[in-house]
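Below is one structure, written out as structure tokens, with a few remarks after it.
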Amino acid sequence: MRLLVINGPNLNLLGVREPQIYGTQTLADIENDLRASFPDVAFEFFQSNHEGAIIDVIQSTIGSPYDGILINPGAYTHYSYAIRDALAAVSIPVIEIHLSNIHMREEFRRHSVIAPVCKAQFSGFGSTGYRLAVTTLAHSHHTTQTS
Ligand code: DQA
């Protein structure tokens, strides 16, 4: 299974950025943890602070052998129709991840324009959410392969 893991703006600052909300692990820690937890999965990791760069990498999965996308779109979650449209354009499953529980935070964070084009959303599980998302995609991948 090949998965693309996309992290959006400010997630390169994990570890130093509001650790009381986002935890003390760095993005590299989370990525290394995924590689170690799922040795059979081929991961491609991408982080950008730029909306267009995120859209380009989502589009790059069209016609490539990816089996799914994990995305933490950061604040783009709440207003990027362009990222939502890009995710809607690809046919592989997408899972949305947030370290914090966006539903118990400020009003503007409670709405995701990305969620309607995703198979699932993990929000508030901290970095465990990334592992839960991989497990979810691995399960559906397995089910698809064997049915
Ligand atoms: C976040 C939640 C967003 O509201 C915020 O803008 C982020 C991180 C999370 O992982 O909890 O940058 O996506």
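Nothing in this text is a laboratory measurement; each read-out follows from the coordinates by a stated rule. Note that this is a predicted model, so its numbers are computed, not measured. Quick reminder, even Gly has a Cβ in these numbers, built from the backbone with ideal geometry, and neighbours come from all protein chains shown.
Close amide H contacts of LEU70 (hydrogens built in the peptide plane, cut-off under 5 Å, sequence separation of 5 or more or a different chain): LEU4, VAL5, ILE6, ILE95.
Report, in whole Å, the centroid distance computed from the Cα atoms of the stretch 80-147 and the stretch 42-70. About 14 Å separates the Cα centre of the stretch 80-147 from the one of the stretch 42-70. Between ARG35 and SER64, full extension at 0.36 nm per residue minus the direct alpha carbon distance yields a gain of 8.4 nm. Evaluated at q = 0.09 Å⁻¹, the base-10 log of the normalised Debye intensity for the stretch 2-146, with identical point scatterers placed on the Cα atoms, takes the values -0.24.
One chain, two ends: PHE125 and ALA88. Fully extended at 0.36 nm per residue, the span grows by 10.8 nm beyond their Cα-Cα distance. Calculated mean residue ellipticity, 222 nm, the chain: -10500 deg cm²/dmol, from DSSP H runs (n ≥ 4) at -39500 (n - 2.57) each, averaged per residue and rounded to 500. A Gaussian network model of the chain, with springs between Cα atoms under 10 Å, assigns the largest mean-square fluctuation among GLY52, GLY129, GLY74 to GLY52.
Given R₀ = 25 Å, what would the calculated FRET efficiency be for ALA28 paired with PHE108, taking r from the Cβ atoms and rounding to 0.05?
With R0 = 25 Å, the Cβ-Cβ based efficiency is 0.30.
Length gained on full extension, ILE21 to LEU132, computed as 0.36 nm times the residue gap minus the Cα-Cα distance: 38.0 nm. For a paramagnetic label modelled on ALA42 (point 7 Å from Cα along Cα→Cβ), amide N atoms under 16 Å away are absent within the stretch 124-147.
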